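A quick write-up on the structure given underneath.
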Amino acid sequence: MSEDVWSARDTTPSAIEAALRDLLGKRYQVDRTFVPARVMNLIVIVDSGFRGEVENRLARVGRYHPSRLVIAAVSEGRTQLDAWATVAAEDAVHSPGHIAVGRERIELEIGTQQLDGLDTIVDPLLVSDLTTMVWAPHGHHAGVEALRRLANIVLVDTQDDPHLPAAFARAHDLTHSAYVVDLAWLRSTPWRERVAAIFDPPPMRRSLGAIERVVVRHRADSTAAAVLFCGWLSSRLQWRAEPLGQRGDARTGHARARRGEIALELRPDQVGAPGLGGVTIDLASGQSVSLDRGPGGLRSSRRDRDGTVQEFTVLGASRGEAGILGEGVRQALLRDPTYKPALEAGRVLVG
């Protein structure tokens, strides 16, 4: 790989845009096989002191973010705009059919007072006609608000806000102007996929109306994923969600179905990685199905009415945190119609 770099202090958006065009023009002149890897504009707003950590997370995402990447690093008290622009690509290989895939990256150093006008800084730096995604892992809601007119997708993590009702309310508000991808929701994806698969065969599908209790075990800081999982069940099975109460460290309550109440319990558990640690669904017939995080995947257990237990492991079900972020970027190009109804039910569950 080789890269061309431009930088300037106390600069302007127009100067940055002109410099980037110049870097691209020079790259095309040197190598006619150069092709920028662009499927979206990705704007990341970070605390300046934690920029390296976020860059490492993005690096692990790999092939999931072929984009023009704009990183806005925010510092308290800064008044001027400093910038770096980089165009990197594989070294030229002169062989038939070869292309040199390139990456474009713009880094901005801005102050907190510039967040309200971030759209005017970023707008000239985006590739027109491409989807634009905004991610602000350290909050900076003012910057996200300023970018609403430019953003088609907003990447959030409702797990990061200690006040869950506020996090859900903000995510719901963002859905009015953009497609929202929630990393807390994606942490429950393997669990939702597996539960759906368990109840997909016709005999088990008929048992959906006999669910009487759902217990979700989660890491202490991952209540959002657990609530969204229950919100998904409520929205898909047409349960009427009701606010959960606090009982010690757990949240307990009910959802109402046509045949009666379904008991819900969200229980903090000793889980290594963020997200869920286990799910148990009890049926009125005495049957139950359980999923638990285990080595190499999810351990599935099914107990029949006669006490017989069947167990097996769903290999590779966990994506890990790097995989979660990669899935979030991939989801930006897709549409999941089940998130918003689950979020709306989740808002009721957390009151």
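Things worth noting here:
- Listed by first and then second residue, the pairs linking a residue in the stretch 306-328 that is closer than 18 Å to LEU276 by Cβ to a residue that is at pLDDT below 65 and basic (Lys, Arg), with Cβ atoms under 8 Å apart and 6 or more places separating them unless they lie on different chains, are GLU327/ARG319.
- The lone criterion from (1) farther than 21 Å from PRO341 by Cα; (2) at pLDDT 95 or above; (3) open to solvent by 10 Å² or more (accessible area, probe 1.4 Å) left unmet by SER207 is number (2).
- Any hit, the stretch 279-302, residues being over 26 Å from ARG213 (Cα atoms) and not polar (S, T, N, Q): yes
- Matching residues in the stretch 296-335 - criterion: being open to solvent by 40 Å² or more (accessible area, probe 1.4 Å), touching a Pro at 6+ places or on another chain (Cβ under 9 Å) and at pLDDT 75 or above: THR313
- Among the residues of the stretch 112-138, those identified as farther than 20 Å from VAL329 by Cβ and either in a strand (DSSP E or B) or free of Cβ contacts under 8 Å to residues at least 60 places away in the same chain (or both) are THR112, GLN113, GLN114, ASP116, GLY117, ASP119, SER128.
- For the stretch 170-185, the set of residues classified as in a helix (DSSP H, G or I), open to solvent by 10 Å² or more (accessible area, probe 1.4 Å) and either over 28 Å from ALA273 (Cα atoms) or aliphatic (A, V, I, L, M) (or both) consists of ASP173 only.
- Restricting ALA18, ALA85, ALA8 to those that are open to solvent by 40 Å² or more (accessible area, probe 1.4 Å), farther than 28 Å from ILE324 by Cβ and either within 29 Å of the chain's Cα centre (by Cα) or at pLDDT 95 or above (or both) reduces the list to ALA18.
- Pairs, first at negative phi in the stretch 49-63, second open to solvent by 50 Å² or more (accessible area, probe 1.4 Å) and modelled with pLDDT of 80 or more, C-beta under 8 Å, six or more apart: PHE50/HIS138
Table: residues versus (1) touching a Pro at 6+ places or on another chain (Cβ under 6 Å); (2) at pLDDT below 90; (3) open to solvent by 10 Å² or more (accessible area, probe 1.4 Å).
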| site | (1), (2), (3) |
| --- | --- |
| ASP31 | no, yes, no |
| VAL35 | no, yes, yes |
| VAL39 | yes, yes, yes |
| ASP47 | no, no, yes |
| ARG60 | no, yes, yes |
| ALA89 | no, yes, no |
| ALA92 | no, yes, yes |
| ASP116 | no, no, yes |
| VAL122 | no, no, no |
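A quick yes/no check of all residues on (1) out of contact with any Gly (no Cβ under 9 Å at 6 or more places or on another chain); (2) among the acidic types (Asp, Glu):
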residue: THR158; (1), (2): no, no
residue: ASP161; (1), (2): no, yes
residue: LEU174; (1), (2): yes, no
residue: VAL181; (1), (2): no, no
residue: THR189; (1), (2): yes, no
residue: ARG192; (1), (2): yes, no
residue: GLU212; (1), (2): no, yes
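- Among the candidates VAL70, VAL101, residue that is of a type in the set (A, V, I, L, M), touching a residue at least 60 places away in the same chain (Cβ under 8 Å) and either part of a strand (DSSP E or B) or open to solvent by 30 Å² or more (accessible area, probe 1.4 Å) (or both): VAL101
- Residue in the stretch 146-158 that is charged (D, E, K, R), modelled with pLDDT of 95 or more and not in a loop (DSSP other than H, G, I, E, B) present: no
- Some residue of the stretch 215-237 being in contact (Cβ under 8 Å) with a residue 24 or more places away in the chain, charged (D, E, K, R) and either over 24 Å from LEU183 (Cα atoms) or open to solvent by less than 50 Å² (accessible area, probe 1.4 Å) (or both): yes
- Taken across the stretch 233-244, residues that are within 20 Å of VAL195 (Cα to Cα) and in a strand (DSSP E or B) do occur, with at least one present.
- Residues of the stretch 266-289 satisfying the condition of being open to solvent by less than 20 Å² (accessible area, probe 1.4 Å) and assigned to a strand (DSSP E or B): LEU266, LEU276, GLY277, GLY278, VAL279, ILE281, LEU283, SER288, VAL289
- Among the conditions (1) touching a strand residue (DSSP E or B) at 6+ places or on another chain (Cβ under 8 Å); (2) closer than 18 Å to GLN331 by Cβ, the only one that VAL61 does not satisfy is (1).
The values are calculated or read from the model by the stated rules, or taken from the named source; none is laboratory data. Quantities reported herein were computed from a predicted structural model and do not represent experimental measurements. Heads up, the Cβs are rebuilt from the backbone with ideal geometry, glycines too, and the neighbour counts pull from every protein chain shown. Each accessible area value is taken on the protein alone, full model and side chains, heavy atoms only, with ligands, DNA and RNA left out. Shrake-Rupley method; radii C 1.70, N 1.55, O 1.52, S 1.80 Å.
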